[in-house]
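The values are calculated or read from the model by the stated rules, or taken from the named source; none is laboratory data. No experiment lies behind these values; they were computed from the predicted model shown. Glycine gets a Cβ as well: all are built from the backbone with ideal geometry, and neighbour counts include every protein chain shown.
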Amino acid sequence: MSKSTLLTCLLGAGIALALLATVMVHGGDFAGAGVVIAIAAWLVLWLACSIWSGVPQNAGGWFGRIRDVGIMLTFGITLIFLWEILCIGFGVPAVLLPAPSLIGARVASSYPLIAGDFVQTVIRAAIPGWAIGSLAGFLTALLCDRCDFLRRGLLPIGNLVSALPMIGLAPILVMWFGFDWQSKAAMVVVMTFFPMLVNTIAGLGEAGAIERDLMRSYGASWSETLLALRLPAAMPMIFNALKINSTLALIGAIVAEFFGTPLVGLGFRISTEVGRMALDTVWACIAVAAVTGSAFYGVLVLAERRVTFWHPSIRQRTQ
Amino acid sequence: MTTNANASRRTSHIRTRLMAGSLGPVTVVSFVLLIIWYSACLPMNSGLPNLENVTGLADRYLAAWNLERPVLPAPHQIIEDIYRTTIATPLLRETADGTVLNARNLLYHAWITLTATLVGFAIGVSLGIALAIAIVNIASLRLSLMPWIVASQTIPILAIAPIIIVALGSIGITGLLPKSIISAYLSFFPVTIGMVKGFNSPDLLQLNLMQTYSASRTVTFTKLRWPAATQMLFASLKVSISISLVGAIVGELPTGAQAGIGSRLLSGSYYGQTVQIWSALVLAAALAAILVAIIGAAERATQRAMGVKPEGYAP
Amino acid sequence: MTSIPAVEIQDLSLTFESAEGPVYALSKVDLAVKQGEFISFIGPSGCGKTTLLRVIADLEKPTSGSIKVNGVSPEEARLGRQYGYVFQAPALYPWRTAERNVMLPLEVFGYPKSEHQRRAKKYLSMVNLSGFEKKFPWQLSGGMQQRVSIARALAFEPALLLMDEPFGALDEIVRDRLNEQLLKLWAETRKTVIFVTHSIPEAVFLSTRIVVMSPRPGRIIDIVDCDLGSNRTLDIRETPKFLEIAHRVREGLRAGHSYDD
């Protein structure tokens with residue numbers, strides 16, 4: 001039996017068993033047959049993952065091409081399935097840990113509310129803050145590049161500040177900028193400024209000595225060298241910072257809302273619903289935040305692949 | 001050469017040495033930032049009632065630097081407050097149950113947060129390293145689990161903090177443990193990812209050498225992969241401890257904890273005690289700096305013992 | 001014919017300050033290079049031949065002595081874009097195709113856009129890389145990358161070409177072929193070439209004059225005339241005249257090299 005047939009059988013069987021077990025558990029049957037089928041489903045899917053891992057990337061057939069994504073998805077589906085079974089089966093109180101199905105239902109039913117929160121936190125605070133903070137960090141790095149004294153003075157301070165719990169500034173920013181999205185955007189700006197500064201400065205040093213000597217031999221000015229050589233060479237590290245900042249932006253916007261916000265926003269929703277013990281709504285918000293974070297990150301990864309197509313780490317994936 | 005020329009050459013030489021490294025520029029930049037801060041006090045605090053009747057720039061500045069509830073406190077006010085709540089307040093006090101730490105002392109709160117941070121850090125680092133070892137050795141884990149660990153970094157984990165506190169609270173676990181769990185949860189990601197990178201860092205030739213010795217996986221691990229990963233280990237530990245501190249602080253927020261730096265931030269925010277917020281913040285920053293410095297010192301000691309080329313050494 | 005020497009060096013010295021004390025990289029060097037010559041600097045590692053080339057290129061500044069390139073200071077020559085430099089490594093920018101790498105100096109110097117493609121095509125074909133214009137550096141072999149680097153140095157047609165061990169990283173077979181191509185190129189374009197190498201056969205095969213240098217302090221031991229005539233082929237390496245010149249170079253190297261280093 002060829003690998004592809006084996007894999008197809010295993011995956012099909014695993015998913016079918018998983019669905020069966022889920023239905024049975026929802027129907028109340030978690031003794032005996034339900035448990036056996038659930039365990040069988042888990043083992044089958046795990047086996048499929050193991051075998052699939054042994055297949056080299058880009059080997060012939062559908063399973064070679066989508067190997068990385070496929071294994072990741074299978075693992076994820078297995079986790080969600082186990083979560084569902086264990087929660088419903090063991091009767092875990094929804095107050096403690098709701099099952100995925102409940103969370104999905106809550107997202108659907110509270111859609112308008114959560115959509116409004118999403119706009120407040122992500123569209124109004126996180127993304128603008130990310131853009132402004134990253135831009136400010138980038139421009140300051142260029143300034144530091146121009147003036148070595150400033151770089152030697154600011155970089156150690158920047159490294160120190162990156163390690164500090166910046167989140168503590170949230171109440172102060174609320175005091176300065178008010179309750180609304182401005183203070184949250186300010187929090188994001190503060191959190192994203194230093195990673196961008198530190199990474200851009202590091203990135204500007206990436207161009208090799210020989211490449212820089214080449215530009216010197218052309219009598220090129222600082223700005224010509226920057227545009228033709230040092231900025232393109234800095235792009236991998238700049239994108240590194242942009243990706244880190246996308247995570248920090250979302251965290252900053254949400255946690256800043258723990259300190260006060262006008263009755264709307266993902267962070268606000270989480271903190272108030274936690275107080276009411278309505279954990280399914282909380283998990284729904286977290287699910288939305290998780291998907292947003294992943295989507296934001298994913299967009300940046302795609303942009304990175306296009307801009308830094310030449311970098312060895314990106315090239316290796318396509319070879 | 002005249003003595004004047006000699007003297008001026010000496011002073012310019014000293015100045016060059018001071019300004020050549022980092023110490024000079026950092027001092028200058030910090031000084032400039034301090035001046036900007038002091039200057040900003042007046043415009044930032046200008047709306048406050050205490051300043052309304054004061055005229056004359058000098059008087060207004062003096063008043064702005066000594067307000068009770070400023071929007072932007074002056075640095076000396078923060079330092080005064082920290083002094084007042086740490087050194088000037090007794091650390092211990094007598095109660096009916098014996099001698100306990102004085103809750104009025106800021107150091108007590110720092111201690112509460114610090115213990116949660118360290119416990120969480122210890123758990124997180126151990127978990128992270130164990131996970132990294134598993135991922136490096138089991139191929140299927142690398143492809144199934146690792147992408148999810150990377151993807152999970154894009155999820156705002158701190159948003160889960162309230163849930164953990166409340167969920168554990170509802171089954172009776174409060175105090176240090178929930179905060180440590182948040183810290184552990186936050187700190188194991190950078191360690192896992194860093195250590196996987198570190199364990200995979202030996203190049204092909206070094207691995208081939210081990211193969212020519214028919215070395216077992218364990219031996220290759222202890223003699224090659226683990227030493228090769230030390231650089232990434234310390235880099236990850238630094239990130240990990242700072243984020244662990246953030247986790248401990250955020251863990252104190254959702255349920256309005258009574259003790260810890262986060263609680264001081266909260267209560268300062270509720271009661272409008274801005275200077276208290278700044279003091280707590282400065283103390284948190286100092287804590288973070290000290291912890292990272294300790295790891296840095298450990299890193300340098302390890303590097304010396306491992307014969308790593310010190311920075312600035314000419315070949 | 002112009003009589004300004006391409007490079008005129010008098011009593012040049014360069015001392016580096018290092019953590020372990022002063023390093024005498026170059027010590028009282030005197031040299032005059034005529035227009036149209038192909039001159040090689042040869043010597044063991046650390047003898048200062050690359051440093052000397054870099055001083056000519058204004059990538060290092062001497063501590064004493066004088067130097068003129070095409071009658072002006074090295075800095076003016078650099079800002080006037082009067083030379084092309086080929087490094088030990090190809091130093092191609094990985095985000096540019098071969099063609100766009102060759103166009104780099106043309107872009108920096110502000111040549112009109114219409115010129116860019118024309119010259120890139122011309123010089124890539126001169127180094128036998130027609131058809132590879134749209135390839136990225138990592139898609140080319142080491143020898144091909146170095147050829148692109150040479151085409152890039154030629155693209156803006158400088159009178160002076162400075163080459164720092166350009167073929168050092170390549171295997172002998174590729175090296176031989178590139179030596180032949182370089183010689184043909186030189187015959188066609190009649191530029192002044194200053195070539196750094198530590199291979200004796202390469203130096204004798206390519207040059208009209210060979211400058212033998214010794215290690216620290218870097219100084220010139222001998223200047224050997226290499227009049228093997230134009231139109232040389234690789235077979236010339238077995239003729240008695242070739243061997244005699246190579247022998248003289250080797251003796252010079254041995255005299256200057258101390259094995260205590």
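Would region C:78-86 turn up any residue that is basic (Lys, Arg) and within 22 Å of the chain's Cα centre (by Cα)? If you could, list the steps in order and put the result at the bottom.
We begin by selecting, within region C:78-86, every residue basic (Lys, Arg); these are C:78, C:81.
Next, only the ones that are within 22 Å of the chain's Cα centre (by Cα) stay: C:78, C:81.
Yes, there is a match, as at least one residue in region C:78-86 is basic (Lys, Arg) and within 22 Å of the chain's Cα centre (by Cα).
Per the conditions (1) within 30 Å of A:Ile103 (Cα to Cα); (2) outside any helix (DSSP H, G or I); (3) within 9 Å of another protein chain (Cβ to nearest Cβ); (4) free of Cβ contacts under 8 Å to residues at least 40 places away in the same chain, the sole criterion not satisfied by A:Leu263 is (3).
From B:Leu118, B:Leu107, B:Leu145, B:Leu114, grab the single residue that is over 25 Å from A:Ala290 (Cβ atoms), within 14 Å of chain A (Cβ to nearest Cβ), among the aliphatic types (A, V, I, L, M) and assigned to a helix (DSSP H, G or I). So that I can check it myself, show each step before the final result.
Values: B:Leu118 fails: within 14 Å of chain A (Cβ to nearest Cβ); B:Leu107 fails: within 14 Å of chain A (Cβ to nearest Cβ); B:Leu145 fails: over 25 Å from A:Ala290 (Cβ atoms).
The unique qualifying residue is B:Leu114.
Looking at region C:205-224, can you tell me whether even one residue there is touching a Ser or Thr at 6+ places or on another chain (Cβ under 8 Å), of a type in the set (A, V, I, L, M, F, W, C) and in a helix (DSSP H, G or I)? Yes, the conditions are met somewhere in region C:205-224. Scanning region A:118-154 for residues that are more than 20 Å from A:Leu266 (Cβ to Cβ), within 14 Å of chain B (Cβ to nearest Cβ) and of a type in the set (S, T, N, Q) turns up just one, A:Thr140. Against the conditions (1) in contact with a Pro (Cβ under 8 Å, 6 or more places away or on another chain); (2) within 11 Å of another protein chain (Cβ to nearest Cβ), B:Gln153 satisfies every one except (1). Within region C:194-203, is there a residue that is under 23 Å from C:Tyr83 (Cβ atoms) and modelled with pLDDT under 90? Yes, there is a match, as at least one residue in region C:194-203 is under 23 Å from C:Tyr83 (Cβ atoms) and modelled with pLDDT under 90. Just the residues that are surrounded by fewer than 16 Cβ atoms within 10 Å (Cβ to Cβ) and under 26 Å from B:Gly268 (Cα atoms), please, taken from region B:45-59. Result: B:Ser46, B:Gly47, B:Leu48, B:Pro49, B:Asn50, B:Glu52. Return the residue satisfying two criteria in turn: it lies in region A:287-316 and is over 26 Å from A:Leu250 (Cβ atoms) and modelled with pLDDT under 85, and of such residues it is surrounded by the fewest Cβ atoms within 10 Å (Cβ to Cβ). Of everything passing the filter in region A:287-316, A:Gln316 is surrounded by the fewest Cβ atoms within 10 Å (Cβ to Cβ).
Scanning region C:156-182 for residues that are touching a strand residue (DSSP E or B) at 6+ places or on another chain (Cβ under 9 Å) and free of Cβ contacts under 8 Å to residues at least 60 places away in the same chain gives C:Glu157, C:Phe167, C:Leu182.
Looking only at region A:130-147, decide whether some residue is out of contact with any Asp or Glu (no Cβ under 6 Å at 6 or more places or on another chain) and within 30 Å of A:Arg276 (Cβ to Cβ). No, region A:130-147 contains no residue that is out of contact with any Asp or Glu (no Cβ under 6 Å at 6 or more places or on another chain) and within 30 Å of A:Arg276 (Cβ to Cβ).
Here is a check on your reading of the model: is B:Leu143 over 30 Å from A:Leu96 (Cα atoms) and in contact with a strand residue (DSSP E or B) (Cβ under 7 Å, 6 or more places away or on another chain)? So B:Leu143 does not fit the description; no. The set of residues in region B:28-64 that are at pLDDT 85 or above, touching a Phe, Trp or Tyr at 6+ places or on another chain (Cβ under 8 Å) and within 14 Å of chain A (Cβ to nearest Cβ) contains only B:Val28. Return yes when A:Leu173 is part of a helix (DSSP H, G or I), within 30 Å of A:Leu266 (Cβ to Cβ), in contact with a Ser or Thr (Cβ under 8 Å, 6 or more places away or on another chain) and at pLDDT 90 or above and no when it is not. No; evaluated as a whole, the condition is false for this residue. Quick check: anything in region C:103-113 over 17 Å from the mean Cα position of the chain (by Cα), over 18 Å from C:Phe156 (Cα atoms) and basic (Lys, Arg)? Scanning region C:103-113 turns up no residue that is over 17 Å from the mean Cα position of the chain (by Cα), over 18 Å from C:Phe156 (Cα atoms) and basic (Lys, Arg).
Name every residue in region B:242-261 that is surrounded by 21 or more Cβ atoms within 10 Å (Cβ to Cβ) and more than 8 Å from chain A (Cβ to nearest Cβ), in order of residue number. Listed by number, the residues that qualify are B:Ile243, B:Ser244, B:Gly247, B:Ala248, B:Gly251, B:Glu252, B:Ala257, B:Gly260.
Applying the selection to region A:185-197, what residues are touching a Pro at 6+ places or on another chain (Cβ under 9 Å) and within 13 Å of another protein chain (Cβ to nearest Cβ)? Even if it seems obvious, please write down each step before you answer.
Restricting attention to region A:185-197, the residues satisfying the condition of being touching a Pro at 6+ places or on another chain (Cβ under 9 Å) are A:185, A:188-189.
Result: A:Val188, single match.
Taking the criterion of being among the basic types (Lys, Arg) and closer than 30 Å to A:Ala295 by Cα, would at least one residue in region B:122-142 satisfy it? Within region B:122-142 (the criterion being among the basic types (Lys, Arg) and closer than 30 Å to A:Ala295 by Cα), the answer is yes, since at least one residue qualifies.
Just to be sure, is B:Gly169 in a helix (DSSP H, G or I), more than 22 Å from the chain's Cα centre (by Cα) and either of a type in the set (Asp, Glu) or within 27 Å of B:Ser263 (Cα to Cα) (or both)? Even if it seems obvious, please write down each step before you answer.
Values: in a helix (DSSP H, G or I): yes; more than 22 Å from the chain's Cα centre (by Cα): yes; either of a type in the set (Asp, Glu) or within 27 Å of B:Ser263 (Cα to Cα) (or both): yes.
Considered against the rule, which asks whether it is in a helix (DSSP H, G or I), more than 22 Å from the chain's Cα centre (by Cα) and either of a type in the set (Asp, Glu) or within 27 Å of B:Ser263 (Cα to Cα) (or both), B:Gly169 comes out as yes.
For region C:141-173, the tally of residues that are out of contact with any helix residue (DSSP H, G or I) (no Cβ under 7 Å at 6 or more places or on another chain) and farther than 19 Å from C:Tyr83 by Cα stands at 7.
Residue count for region C:101-121, restricted to those that are closer than 22 Å to C:Phe167 by Cα and either surrounded by fewer than 18 Cβ atoms within 10 Å (Cβ to Cβ) or away from every other protein chain (no Cβ under 13 Å) (or both): 1.
Determine if region A:238-260 includes at least one residue that is touching a residue at least 60 places away in the same chain (Cβ under 8 Å), touching a Phe, Trp or Tyr at 6+ places or on another chain (Cβ under 6 Å), within 14 Å of chain B (Cβ to nearest Cβ) and not in a helix (DSSP H, G or I). Taking every residue of region A:238-260 in turn, at least one turns out to be touching a residue at least 60 places away in the same chain (Cβ under 8 Å), touching a Phe, Trp or Tyr at 6+ places or on another chain (Cβ under 6 Å), within 14 Å of chain B (Cβ to nearest Cβ) and not in a helix (DSSP H, G or I).
Looking at B:Ala285, B:Ala289, just one residue is surrounded by fewer than 21 Cβ atoms within 10 Å (Cβ to Cβ), at pLDDT 85 or above and within 24 Å of B:Ala159 (Cα to Cα), and that residue is B:Ala285. Considering each residue of region A:198-206 in turn, at least one proves to be within 14 Å of chain B (Cβ to nearest Cβ) and under 22 Å from the mean Cα position of the chain (by Cα). Of the residues A:Gly70, A:Gly54, A:Gly64, the single one that is more than 10 Å from chain B (Cβ to nearest Cβ) and at pLDDT below 85 is A:Gly64.
Hey, does region C:58-70 have a residue that's of a type in the set (A, V, I, L, M), in a loop (DSSP other than H, G, I, E, B) and more than 21 Å from C:Gly36 (Cα to Cα)? Even if it seems obvious, please write down each step before you answer.
Of the residues in region C:58-70, the ones of a type in the set (A, V, I, L, M) are C:59, C:67, C:69.
Now restrict to residues that are in a loop (DSSP other than H, G, I, E, B): C:59.
So of that shortlist, the ones also more than 21 Å from C:Gly36 (Cα to Cα) come out as C:59.
Yes, region C:58-70 contains at least one residue that is of a type in the set (A, V, I, L, M), in a loop (DSSP other than H, G, I, E, B) and more than 21 Å from C:Gly36 (Cα to Cα).
The residue of region A:274-286 that is surrounded by the fewest Cβ atoms within 10 Å (Cβ to Cβ), among those that are assigned to a helix (DSSP H, G or I) and facing chain B (nearest Cβ under 9 Å), is A:Gly275.
So that you can scan it fast, the table gives a plain yes or no per residue for (1) crowded, with 19+ Cβ neighbours inside 10 Å; (2) at pLDDT 90 or above:
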position: C:Pro44; (1), (2): no, no
position: C:Thr50; (1), (2): yes, yes
position: C:Asp58; (1), (2): yes, yes
position: C:Val69; (1), (2): yes, yes
position: C:Val72; (1), (2): no, yes
position: C:Arg78; (1), (2): yes, yes
position: C:Glu99; (1), (2): yes, yes
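Just one residue in the set B:Gln231, B:Gln273, B:Gln211, B:Gln303 is more than 30 Å from B:Ala167 (Cβ to Cβ), surrounded by fewer than 16 Cβ atoms within 10 Å (Cβ to Cβ) and not acidic (Asp, Glu); that residue is B:Gln211. Every listed requirement among (1) more than 25 Å from C:Ala32 (Cα to Cα); (2) in contact with an Asp or Glu (Cβ under 7 Å, 6 or more places away or on another chain) is met by C:Thr208 save one, (1).
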